[in-house]
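Please read the structure below before turning to the comments.
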């Protein structure tokens, strides 16, 4: 067991966690933030993607202890404090980039990491940034379009 | 003429979209209850073995363990078409993904630890891993008691063999047909084992009270069908079983029906009563122990005239259904019926065998046999065209079903749109112009067809609330397909209220009325019709009230945008809520009822009839480039034209086609669950490759929208056929590009290279 201090979606948390606790389990089980999804627990599907100090990570492959002293952003923290949707969320809604929704939170956070780094990505850059996030429903077309539309809007 | 609709036909935003992007849409994996226990499963170590002894005593003593069960504790059989499946193995194991024991404990870690303490002694039996071998004389028999299993009459197992269904269809005189033919071509096509790969795994929470009342929360696509399976298996009445659907399901594609994680949750809860027990599959369990698409071997012997007329076709289909029947009998039945293709052929002979092997269980996967049968008949179509020196498009247009054609299963077809779909595809591909494609580039097309399971019922209630808003009460599951939105659109349109006034919650067999299933692309049509009837019923009641209040005949009243008004007099508009308040005060409301069943298509009691309420048709085209040095195929473009009837939500239909094509791409090129002696070698997303953002070709999707007379607002269906023609269209394009024909899926670079080498 060890004590960690993590800021999640702007809120600081101090918790006792077992050494082998993953960040994914810490978020879902300890903090009960269920928006982050588990799809494989081996880092292959990207459903559990969150931002750790701004960088997209598979939270199933990160230990909670590694997040000690760091900032985590999950899908619950993506919308603005006044409950307005983030432009990426808006674009996903508008472009129908959602079917079952299970990969959506991971997709959104991978996309956020991309736009934070490259505000005007090419289609190829969007594809590359999302290549680690599996979606079984959409064929990705509308997701790629949505990310590009969000980038467009955020640069306006 | 097409009517102008307010909500139907509009690409409205999905009603679940905002919750899903906020991460507040709830799935079964997110649900928990106080006192909830966690279950884990011990699987078989052998593909086929007798269980000599199971010692659970050490596991039972582990602190935190509440229950350890084996098949002996659960002496019941369940199944979707044939009741052949124990909840956990009894007496013997038939595949390596089979549950041998299960543990319920205070947390997952303890349950897992307990699994290591269970000792099982096996006596290995000879095993069989492909359907051809399983049919041979002297093959190991998986189900010695096949003849004793309960099944509906439409399923025809052959006791004493590994055949759990044999569908035999004869039309005309096949021998006479072959005699009339100028050429006879015989080719065999094979397909591999693939998996649904929904990102959300199977999961369930079950609680059984000490008196035997069972509640199951889960992501089952079809709560009523599953309830029937549970009640029949456990020999208890239906009302003692309640299925509650989680608000949202993270993908389905045919994989979340029947009892998967549910079976284990039920078995544990049945034995350890009074506390909810949760099962969540790992990804490995998804690949090894749920359900996969049937690997197939399909042989087509086809007699043709010189001009391309097909006079006779004999098909032999082997479906590797694995250790238990699941949907195999009906997949092989409907797959058999369509295995001769979508063509006018006077003499047809079909034998479709669903065969047990010691592999994991096969069932429905997006297309319900369509991808396998189309792979055979649409590949052979191009092979024949090439041998006869005919254009493959012209040959298809010459032979394809029209209105009035007779399906191999006997139905006289109507609303046939194959040629419209193909014409749309070839127009988009500029087929009539000489191919602009350079060497190593090619183009190909293929038809797709799918049945709608018939006859099955759907029902719905429409609760008009005191304020005039509407709760749509229907057991259609939102699995990602957009059913919630489509159903609300239909309700809003028929009732005459804004879409924003309608909400639909998830199924609960205690409250939402009967629906057979959210499968087979049946919901828009069947549930849509039920909802329309419920809306008409509610509307009639409200208009009756308003007629009295407004002192005008009912006939003169209508509902527009949530207001009752005299036709043509918008100034009389009175909100629905006000009409009801005038009648009932603060209390009250109106309940509309709808029940739809396609009568008259099959003898009473028969189901999965070959006489379908309608068939789905489509065509796809592919342009490819092959690298002759590496064997790598690049799909330059896919074109897809699908007859959906009236598109209730066009954007949603396009999304279904896009998703279907991505399934088709994976099926064509790389998805392949590899087994060695019954052991799955690649049960992970790392080693089982599915399409990513990097793999999708440009796609031109087209909706073909003929008005379907019996459909709600003219709608048909979209999801199932969307990946049916993809693989043969691509294979035909590859053959066109490099002159080699691949007949066994997936089309890997090494197969291309080997074929190129053989050619030279």
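The values are calculated or read from the model by the stated rules, or taken from the named source; none is laboratory data. Computed from a predicted structure; not experimentally measured. Note that we place each Cβ from the backbone using ideal geometry, even for glycine, and neighbour counts take in every protein chain shown.
Quick one: which of B:549, B:565, B:544 is free of Cβ contacts under 8 Å to residues at least 40 places away in the same chain, part of a strand (DSSP E or B) and surrounded by fewer than 24 Cβ atoms within 10 Å (Cβ to Cβ)?
Going through B:549, B:565, B:544 in turn, the sole match is B:565.
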Would a scan of region B:212-233 turn up a residue that is without any contact (Cβ under 8 Å) to a residue 60 or more places away in the chain, out of contact with any strand residue (DSSP E or B) (no Cβ under 7 Å at 6 or more places or on another chain) and part of a helix (DSSP H, G or I)? yes
Quick one: would you say residue B:396 is loosely packed, with under 14 Cβ neighbours inside 10 Å, out of contact with any strand residue (DSSP E or B) (no Cβ under 6 Å at 6 or more places or on another chain), modelled with pLDDT of 95 or more and in a helix (DSSP H, G or I)? no
Would it be correct to say that residue B:198 is within 14 Å of another protein chain (Cβ to nearest Cβ), assigned to a loop (DSSP other than H, G, I, E, B) and within 25 Å of the chain's Cα centre (by Cα)? yes
Checking the condition surrounded by fewer than 16 Cβ atoms within 10 Å (Cβ to Cβ), more than 30 Å from residue B:393 (Cβ to Cβ) and in the same structural domain as residue B:448 (by TED's automatic domain parsing), which residue from B:582, B:629 passes? B:629
Tell me the strands (runs of 3 or more DSSP E) entirely within region B:274-327 that contain at least 2 residues that are surrounded by 24 or more Cβ atoms within 10 Å (Cβ to Cβ) and assigned by TED's automatic domain parsing to the domain that holds residue B:86. B:277-280
Tell me which residues, restricted to region B:140-167, are in a strand (DSSP E or B) and over 23 Å from the mean Cα position of the chain (by Cα). B:158
Would you mind stating whether residue B:425 is under 25 Å from residue B:735 (Cα atoms) and in contact with a strand residue (DSSP E or B) (Cβ under 7 Å, 6 or more places away or on another chain)? yes
Candidate set: region A:118-152, residues that are in contact with a strand residue (DSSP E or B) (Cβ under 9 Å, 6 or more places away or on another chain) and more than 7 Å from chain B (Cβ to nearest Cβ); chosen: the one surrounded by the most Cβ atoms within 10 Å (Cβ to Cβ): A:133
Residues located in region B:248-278, provided they are farther than 19 Å from residue B:231 by Cα and within 14 Å of another protein chain (Cβ to nearest Cβ): B:248, B:249, B:250, B:251, B:252, B:253, B:254, B:255, B:278
Might you check whether a residue that is in contact with a strand residue (DSSP E or B) (Cβ under 9 Å, 6 or more places away or on another chain), closer than 26 Å to residue B:196 by Cα and in contact (Cβ under 8 Å) with a residue 12 or more places away in the chain occurs anywhere in region B:298-306? yes
Please specify each residue of region B:568-579 satisfying the condition of being buried (at least 17 other Cβ atoms within 10 Å of the Cβ) and over 45 Å from the mean Cα position of the chain (by Cα). none
Yes/no for residue B:98 being crowded, with 22+ Cβ neighbours inside 10 Å and under 30 Å from residue B:332 (Cα atoms): yes
Scan region A:13-31 and tell me whether some residue there is under 18 Å from residue B:26 (Cβ atoms) and part of a loop (DSSP other than H, G, I, E, B). yes
Mind checking whether some residue in region B:645-662 is in a strand (DSSP E or B) and more than 10 Å from chain A (Cβ to nearest Cβ)? yes
How many residues are buried (at least 24 other Cβ atoms within 10 Å of the Cβ) and either at pLDDT below 95 or outside any loop (DSSP other than H, G, I, E, B) (or both) when one looks only at region B:328-358? 16
Tell me whether region A:50-59 contains one or more residues that are within 14 Å of another protein chain (Cβ to nearest Cβ), within 23 Å of residue B:17 (Cβ to Cβ) and more than 16 Å from the chain's Cα centre (by Cα). no
For region B:1-84, which strands (runs of 3 or more DSSP E) that fit wholly inside it have 1 or more residues that are within 14 Å of another protein chain (Cβ to nearest Cβ) and modelled with pLDDT of 95 or more? B:37-43
State whether one or more residues within region A:66-86 are at pLDDT 95 or above, surrounded by fewer than 24 Cβ atoms within 10 Å (Cβ to Cβ), over 17 Å from residue B:18 (Cα atoms) and within 12 Å of chain B (Cβ to nearest Cβ). yes
Scanning for something over 30 Å from residue B:130 (Cβ atoms) and under 28 Å from the mean Cα position of the chain (by Cα), does region B:42-49 turn up at least one residue? no
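This table checks each residue for (1) under 30 Å from residue B:412 (Cα atoms); (2) in the same structural domain as residue B:282 (by TED's automatic domain parsing).
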position	(1), (2)
B:94	no, yes
B:106	no, yes
B:136	no, no
B:142	no, no
B:166	yes, no
B:175	yes, no
Considering only residues that are within 14 Å of chain A (Cβ to nearest Cβ) and either in contact with a helix residue (DSSP H, G or I) (Cβ under 7 Å, 6 or more places away or on another chain) or touching a residue at least 12 places away in the same chain (Cβ under 8 Å) (or both), which ones fall in region B:690-714? B:690, B:691, B:693, B:694, B:695, B:696, B:697, B:698, B:699, B:700, B:701
